4 protein chains.
Amino acid sequence: MKRIAVLTSGGDAPGMNAAIRAVVRKAIYEGMEVFGINYGYAGMVAGDIFPLASRGVGGKISQGGTFLYSARFPEFAELEGQLAGIEQLKKHGIEGVVVIGGDGSYHGAMRLTEHGFPAIGLPGTIDNDIVGTDYTIGFDTAVTTALEAIDKIRDTSSSHKRTFIVEVMGRHAGDIALWAGIGAGADEILIPEQDFDVNELVASIKNGYKNGKNHNIIVLAEGVMTGAELAEKIKAAGDDSDLRVSTLGHIQRGGTPTARDRVLASWMGARAVELLKEGRGGLAVGIHNEKLVESPILGTAEEGALFSLDNGKIVVNNPHKANLDLYKLNKEISS
Amino acid sequence: MKRIAVLTSGGDAPGMNAAIRAVVRKAIYEGMEVFGINYGYAGMVAGDIFPLASRGVGGKISQGGTFLYSARFPEFAELEGQLAGIEQLKKHGIEGVVVIGGDGSYHGAMRLTEHGFPAIGLPGTIDNDIVGTDYTIGFDTAVTTALEAIDKIRDTSSSHKRTFIVEVMGRHAGDIALWAGIGAGADEILIPEQDFDVNELVASIKNGYKNGKNHNIIVLAEGVMTGAELAEKIKAAGDDSDLRVSTLGHIQRGGTPTARDRVLASWMGARAVELLKEGRGGLAVGIHNEKLVESPILGTAEEGALFSLDNGKIVVNNPHKANLDLYKLNKEISS
Amino acid sequence: MKRIAVLTSGGDAPGMNAAIRAVVRKAIYEGMEVFGINYGYAGMVAGDIFPLASRGVGGKISQGGTFLYSARFPEFAELEGQLAGIEQLKKHGIEGVVVIGGDGSYHGAMRLTEHGFPAIGLPGTIDNDIVGTDYTIGFDTAVTTALEAIDKIRDTSSSHKRTFIVEVMGRHAGDIALWAGIGAGADEILIPEQDFDVNELVASIKNGYKNGKNHNIIVLAEGVMTGAELAEKIKAAGDDSDLRVSTLGHIQRGGTPTARDRVLASWMGARAVELLKEGRGGLAVGIHNEKLVESPILGTAEEGALFSLDNGKIVVNNPHKANLDLYKLNKEISS
Amino acid sequence: MKRIAVLTSGGDAPGMNAAIRAVVRKAIYEGMEVFGINYGYAGMVAGDIFPLASRGVGGKISQGGTFLYSARFPEFAELEGQLAGIEQLKKHGIEGVVVIGGDGSYHGAMRLTEHGFPAIGLPGTIDNDIVGTDYTIGFDTAVTTALEAIDKIRDTSSSHKRTFIVEVMGRHAGDIALWAGIGAGADEILIPEQDFDVNELVASIKNGYKNGKNHNIIVLAEGVMTGAELAEKIKAAGDDSDLRVSTLGHIQRGGTPTARDRVLASWMGARAVELLKEGRGGLAVGIHNEKLVESPILGTAEEGALFSLDNGKIVVNNPHKANLDLYKLNKEISS
């Protein structure tokens, strides 16, 4: 393989630029040429494709977001979209593609591979909800941003004896809430993977103040409900504290990536190039037990594939689960 | 004067701890004893008063919030509340008080002085809306927090060609919006001190994208309207961009204070002690043209007083104004 | 076991306070009493021991350093020191101890256990050089601090086309250099675990500038040599670039711990209490493959012990090794 | 004036990019064309000159360093160098120049103006040692970086009861030391503008520990002596504490600029364009008492000029002075 391309797709995440840089530099190191594709699959279809040089990614490792831009492009789920994209790849002499993004992006990579263009998926999302990897690129940075925000909220909350609901991102996963919550010393952490009883929650808030706490911080994963909804429920269940809601929002998607995210992204980016060099595609790179691994994107659970087809419907073979040991841990040390 | 006390009142602000520390250390340096009063005027009335030692404020300079806690206590506007507070001060042998907080806190300081207990006000609020000072304690930190948040939002906003409304704090003042907006290179800054035309705003957004911008960031002071309200107006006026709202919220009130806030707070705290030492009260400390100044809290405009009484109603003599040169500046360099 | 104590020993590390907090909270959760010992083994011998309450560790999770102070105390390697310490433990009714620190601290924990006082070691050091764990408490924060510093140095280095040697900590281990170096996009990383050729290094610097680089950043682990020594070698080998040295120094030991360090420290602290509750001692807690593990401190390699005795000399059974895959990675993507 | 250029000269400083951006945007707003000159006066002479567009400075406001690069170029002090530079300016049709840098850069601007090319100087340096302005671009960021470093050092220093000498930058000025020192709650601040007695210093360290301090932090401006030299003097004068030296070094020159530096740089950049638009040159922009001011670079003290000629030698009319009120303040509140 002499010429490959790289794109980012879906929601952006800190560390995507570090991954792109590693793809470019490693490919050049291996004697390949690299092209960037702007705006994900949309840009592929539109032919928004351009050569990338080693110097062109200088200084990008520390920048949040993705300098290749990202976009959602549902048309790529259709054959027509895929063929249009492939036509553009052929026009530029591109033989393989690295796709950085979430689950949806992986499916596009699978299709390209099926059409004879090996494509490798890298897990780029802050939510840490992608199968086949212990950690996604961007997760550590999002946790860090959320933690710094909660640290700030704790200052003001302690000054006024206030209860705060801090709503963090994570889609259907509670990982950001769990890590940022434990890190911040949250009094309660609510995640979609674990039910909670609003009456117990209110009792725990009251107990906290009775036992001399100066604040009560509840970290809420967006996958449970919104902060406003929770506030309503808490009040309805008898909370009489000075209650505020803070929704951290989009700050969690940006920012200079942490050391961990930069290293992870660099490592995964280089691995993707190695796989393409061997002519392999249809694989997703992950980190598992501190080592890089790759899994077939589509196949049977026995093969270790991330997804399988069940009567034409995509099924996740081994869905991501939050670390409930950490959930339990916080219960025990937040007293 | 041999024994003074210090309290924080109203909304908390980063740097209040640095001011308390300076009051304590400077008072001890001057041979005085210092007491802390918890929870502002409420704690004064309740007798929540305790001695503070030099070592007791060690390490506090870098902490956000206020370790003396704060509270709103409207009862102190009444004579009864004031007398109850004074009784407690007498009980502890306290002869003068430093009050760190906003406008409301100043009025309490005025009353104490009238009752024979000299009290000095220090401007502690993130909003920068206090008369008699160019900058308030906490403002620089709030601007810094808002700026860092907008920097992060710009990352994700550029990656997706999005328009973002970022709502920042400031009550009726646009200062946080102005400084954070210019610092972040915002495309538009909306402040209560200056009208805007929603049609022009929408035209400017469209123009931006036409001219090759990858994002459009509107920094909105909460004194204008909420982010959600503005979003509705913009959409109604024909905006067709991918529009999001981010309300930064309470993170702006916390966090370790910036160098500037720590220096300002330390300087003002020490000055308050000097004034009490001279037996002076009813004054507010400010910074004007890089020098510390003090102004009578109540009196005539001619005397340089911050407030005057007009038929028993408190009137602000020389209300704070946002720096409209900065507003104009951003208009010119955001193209 | 109804009463335990916790101490920190050796060099301090960010996250030690988070670990102490978890020990305290978890012990109280399990119905135990907890005592803090100031200044490590020195304080144990001196009887500097005091009860810790749940509220007493509030707000500590975000603070760098150790609020129990630390000290080196070689006298504890002698039987006399150990017996003096045990006498103090008995006086306070303490039945088990959690020791947070480095290798030397583990040996003290082993001795206490042998004398009938179960003690558990937690790996607290920035250097990541402790056996029995993939990561130590404080490592991620030190990497983060080093990375932020190198990011800053890159700014000024690019502005002036300069070569920078940045000397980072790590004692005999290259881990901080590796992670911070990859994260910063360093041009070269020099670690004690891997030889380097100064002529190749100089050739690579020259090549970089010839290929259009605006700077050249060499991250140097202190275990290799000092920055000044390397500068001399490079100049002697013919480097003609504008070369500067920056030794990051003690900033790497402080700072608010990262999310990852806070979570790791909390998790390990709680686990130490569980082990003591079961009456177990002489163990060190580690994290391996994302799960907590515990290993005998002293014993045979076959038992999985960290250290063994060879003719009375302590031997490390399975010394920590730097991840050379990361070393190779940087070689390939720094071009 | 229809076409201007901008360059950065001397040591780089955070905020230079923000100033360049403002020059570019404001010039375009005023209907002018703007060119960038790489590597300061060296690039001017070498013809390293290129057009800058509005989009070309997008995202630069938050970046440290200078994307136009900087260099020292003593040859520009000679007529020959000046004429060579002017030839290049003429070739590109450039009629006026904005020079961002330190004192030396101002002199070049003066020469260009004398030769008929109006040039405006902006104070870009971290040292805050430029005449004609209360603050320089980059100073607030350098103070912030130094403060964050000292905060970290305090953590580790408190954990071990250590004395730390922290050497900060500032050339001949003590401003960085003063502001960072007060902000960090330093025990002692040593600046070139104020003598100190090493015996008093040692007595104060001893006193501190006797009075229960857990650390002693001495912030030392590089203009006094090096940290190593001070350590030697202190030891010779009888200090028996655990003394360490940390030289912060080049991290102080980099980093994303603070809000204050970004606003100041933006404001000054726009003002420089206004002055050029009026055909004015030979002026330096400053901020004084919160307002922008401009002063003749060369002339008599009576005219308010920054420098005058005394028998052909350049004399500073009104040299920068450190704020000794702040020095005194720290003496009083560091007890």
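Every number in this text was worked out from the coordinates using simple rules, so none of it is lab data. Every value quoted in this text rests on a predicted model; they were computed, and no experiment measured them. Cβ sites come from the backbone with ideal geometry, for glycine too, and all protein chains shown count toward neighbours.
The mean sequence separation of alpha-carbon pairs under 8 Å and at least six residues apart, normalised by the residue count of region D:124-202, gives a relative contact order of 28 percent. Peptide C:177-184 has a mean shielding of 5, counted as Cβ atoms of other protein chains within 10 Å of each residue's Cβ.
What number, in percent, do you get for the relative contact order of chain A if the mean sequence gap of Cα pairs under 8 Å and at least 6 apart is divided by its residue count? Reported as a whole number, the value is 22 percent.
So which of A:Lys328/C:Lys291; A:Lys213/D:Lys152; A:Lys60/D:Lys277; A:Lys206/B:Lys152; C:Lys277/D:Lys161 end up more than 25 Å apart by C-alpha? The pairs that break the limit, which is 25 Å between Cα atoms, are A:Lys213/D:Lys152; A:Lys60/D:Lys277; A:Lys206/B:Lys152; C:Lys277/D:Lys161. The Cα center of region B:51-82 and the Cα center of region D:113-137 differ in position by 44 Å. If you take all other residues with their beta carbon under 11 Å from the beta carbon of D:Glu30, and give Lys and Arg +1 and Asp and Glu -1, the sum is 0. Largest GNM mean-square fluctuation across C:Met16, C:Met110, C:Met32, computed for chain C with C-alpha springs under 10 Å, falls on C:Met32. Sorted from closest to farthest, the other copies place their A:Ile314 label points 5.4, 6.1, 6.5 nm away, with each point set 7 Å from Cα along Cα→Cβ. Judged by the gyration tensor of its Cα atoms, with axes a ≥ b ≥ c, region C:50-129 is oblate; a/c meets the 1.5 cut and b/c is at least as large as a/b. Each copy carries a label point for D:Arg3 at 7 Å from Cα toward Cβ; from one copy, the others' points are 3.8, 7.8, 8.6 nm away, ordered from shortest. The rotation axis taking chain D to chain C passes closest to the C-beta of one chain D residue; that residue and the distance in whole Å read D:Thr247, 3. Springs join every pair of Cα atoms under 10 Å in this Gaussian network model of chain B, and among B:Ala119, B:Ala19, B:Ala259 the largest mean-square fluctuation is at B:Ala259.
With contributions of -39500 (n - 2.57) from each DSSP H run of at least four residues, the per-residue ellipticity at 222 nm computed over chain A stands at -12500 deg cm²/dmol. Computed from the C-alpha gyration tensor, the three semi-axes of the ellipsoid equivalent to the protein assembly as shown are 43, 43, 33 Å, from longest to shortest.
Take the Cα of B:Lys2, go 7 Å toward its beta carbon, and the backbone nitrogen atoms of region B:34-55 under 15 Å from that spot belong to B:34-35. Counting 0.36 nm for each residue step from C:Leu83 to C:Ile314 and taking away their Cα separation leaves a gain of 81.1 nm. Across every pair of non-identical alpha carbons in chain D, the mean reciprocal distance, once inverted, gives a Kirkwood radius of 20.8 Å. Taken about its Cα centre, region B:205-335 carries a charge dipole of roughly 380 debye when the Cβ of each Lys and Arg holds +1 and the Cβ of each Asp and Glu holds -1. Residues considered: C:Lys233, C:Lys90, C:Lys313. Largest GNM mean-square fluctuation over chain C, using C-alpha springs under 10 Å, is found at C:Lys313.
Put in line by how crowded their Cβ is, counting other Cβ atoms within 10 Å and starting with the fewest, A:Val6, A:Val34 read A:Val34, A:Val6.
Give the average, rounded to an integer, of partner chain Cβ atoms located within 10 angstrom of each Cβ in B:261-267.
Per-residue shielding by partner chains comes out at 6.
Taking Cα atoms only, the orientation of helix D:103-114 departs from the longest principal axis of chain D by about 20 degrees. Taking the Cα centre of chain D as origin and assigning +1 to Lys and Arg Cβ atoms and -1 to Asp and Glu Cβ atoms, the resulting dipole is close to 1060 debye. Once the Cα atoms of helix B:16-29 and of chain B are each reduced to a long axis, what angle between those two axes, in degrees from 0 to 90 to the nearest 10, is obtained? That works out to roughly 30 degrees.
Taking every residue in C:58-69, how many Cβ atoms of other protein chains lie within 10 Å of its Cβ, on average?
Mean number of neighbouring Cβ atoms from other chains: 6.
Distances between copies of A:Glu80, taken at a point 7 Å out from Cα along the Cα→Cβ vector and listed shortest first: 7.2, 7.8, 9.1 nm.
Distance between the modelled labels on D:Asp325 and B:Ala228, one decimal in nanometres: 4.6 nm (7 Å Cα→Cβ projection). When each of the peptides D:169-176, D:69-76 is scored by how many other beta carbons lie within 10 Å of its residues on average, the order from highest to lowest is D:169-176, D:69-76. Give me the base-10 log of I(q)/I(0) for region B:240-335 at each q in 0.25 Å⁻¹, Debye formula, one uniform scatterer per Cα, rounded to two decimals. At q = 0.25 Å⁻¹ the computed log10 ratios are -1.22. Summarised in one figure, the compactness ratio Rg/Rh of region D:96-253, Cα atoms and Kirkwood Rh, is 1.11. Amide H contacts for D:Val166 (H built 1.01 Å from N in the peptide plane; partners 5 or more residues away or on another chain; cut-off under 5 Å): D:Ile218, D:Val219, D:Leu220, D:Ser246.
Order of C:Lys91, D:Lys26 from fewest to most other C-beta atoms within 10 Å?
Starting with the residue having the fewest Cβ neighbours, the order is C:Lys91, D:Lys26.
Measuring between their Cα centroids, region D:4-46 and region A:254-305 lie 43 Å from each other.
The angle between the Cα long axis of helix D:139-160 and the longest principal axis of the Cα atoms of chain D comes to about 20 degrees, rounded to the nearest 10.
So how do D:Tyr135, A:Tyr209, D:Tyr39 line up by other beta-carbon neighbours within 10 Å, fewest first?
Placing the least packed residue first, the sequence is A:Tyr209, D:Tyr135, D:Tyr39.
Taking the centroid of alpha carbons for each part, region B:210-232 and region D:221-244 are 54 Å apart. Sorting the segments D:138-151, D:243-256 by their mean number of nearby beta carbons within 10 angstrom, highest to lowest, gives D:138-151, D:243-256. Pair-distance distribution P(r) for region A:114-159, from all Cα-Cα distances in 10 Å bins starting at 0: 24, 29, 25, 13, 6, 3, 0 percent.
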